[in-house]
Every structure is written in structure tokens, then in C-alpha cells.
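**Student:** Sharing a structure, written as C-alpha cells. Questions coming.
Please treat every number below as a calculation from the coordinates, not as lab data. Bear in mind that the values here come from a model prediction, so they are computed numbers and not experimental data. For neighbour counting, all protein chains shown are included, and Cβ atoms are generated from backbone atoms with ideal geometry for every residue, glycine included.
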Amino acid sequence: QVQLEESGGGLVQAGGSLRLSCAASGRIFRFAAGEWYRQAPGNQRELVAVIISGGSANYADSVKGRFTISRDNAKNTVYLQMNSLKPEDTAVYYCRALIGGMDYWGKGTLVTVSS
């Protein structure tokens, strides 16, 4: 069984930065991909960024050039560096990992960007 725990959310002013972490624990093997999603009140959950096992990354158009997803294999952790934050980035951010053919989700961390 694998558990994911997000951290790093909080309140930040527009233009500021935050780094989210998603730490995986448990029996971890055959990591396939790590993803960050977000869900704002009243909105559907949307994919923000994805990193695959080879290290390639893709981003939603709304965050390209501002967010960077990365992975530390030694720490079993996926990060989301968020710069130039905007009020519309306010949401609960969730990480998802595909490990050993299984799909795991964290419980989310709240990011609030004030104007």
C-alpha cells in the first residue's frame, strides 16, 4: 500500500511563490507518473502538471511558464514550484501517483492567493 501526503500550501499574496510537496510512503516501485491537480470552489478538478518516469513534464496552459513540476527519486517526493501566483490559482491542490500499476491520491493542500 502507498500513501501520499501533500504539504506546502498556505496563504500568499499575488505575485508570490509556494512550493508544494507530495511525499510517497509505503511499498513504492515502478513509479510511472506523478501529477498535480487542483480544484477551486464550484469547479471541477483539473490537471495542472504531470511528470513521467523519464522526467518529461507537461503543464496546463494556465500555469505554463509559472509552475514547475519535479521529482526527487531518493525522497520519493514530487514537487510543484509555483511562481507568479494569481488569485485564480486559489484551490485545493492534490497529488496523484501511478505506482506499480495502481492509482493513488493525496488528501490535498489548500493554496490561497490574495489580491
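**Student:** Subtracting the Cα-Cα distance from 0.36 nm times the residue separation, let me have the gained length for residue 25 to residue 64 in nm, one decimal.
**Tutor:** 11.1 nm
**Student:** Debye sum, Cα scatterers, segment 57-115, no solvent: what log₁₀ I/I(0) at q = 0.27 1/Å?
**Tutor:** Normalising to I(0) and taking log10 leaves -1.31.
**Student:** What nm distance separates the two modelled labels at residue 112 and residue 46, each placed 7 Å from Cα along Cα→Cβ?
**Tutor:** It works out to 2.1 nm between the two label points.
**Student:** Taking K and R as +1 and D and E as -1, what net charge do the other residues with C-beta under 15 Å from the C-beta of residue 87 add up to?
**Tutor:** +1
**Student:** Dividing the convex hull volume of the alpha carbon atoms of segment 6-47 by its residue count, what do you get in Å³ per residue?
**Tutor:** Taking the convex hull of the Cα positions in segment 6-47, it is 118 Å³ per residue.
**Student:** Which residues' amide hydrogens lie under 5 Å from the amide hydrogen of residue 32, considering only partners 5 or more residues apart or on another chain, with H built in the peptide plane?
**Tutor:** Amide H to amide H, under 5 Å and 5 or more residues apart or across chains, residue 32 pairs with 98, 99, 100.
**Student:** Any number yet on Rg/Rh for the chain, C-alpha, Kirkwood?
**Tutor:** With Rh from the inverse mean 1/r over Cα pairs, Rg/Rh is 0.96.
**Student:** Then there is this: What does the charge count around residue 97 come to, taking other residues whose C-beta lies under 15 Å from its C-beta (Lys +1, Arg +1, Asp -1, Glu -1)?
**Tutor:** Neighbour charge sum, excluding residue 97 itself: +1.
**Student:** Continuing with the same structure: Gap in Å between the Cα centre of segment 21-41 and the Cα centre of segment 59-108?
**Tutor:** Comparing the Cα centres of segment 59-108 and segment 21-41, I get a distance of 8 Å.
**Student:** Give me the percent relative contact order of the chain, please, defined on Cα pairs under 8 angstrom at least 6 residues apart.
**Tutor:** The normalised contact order for the chain reaches 37 percent.
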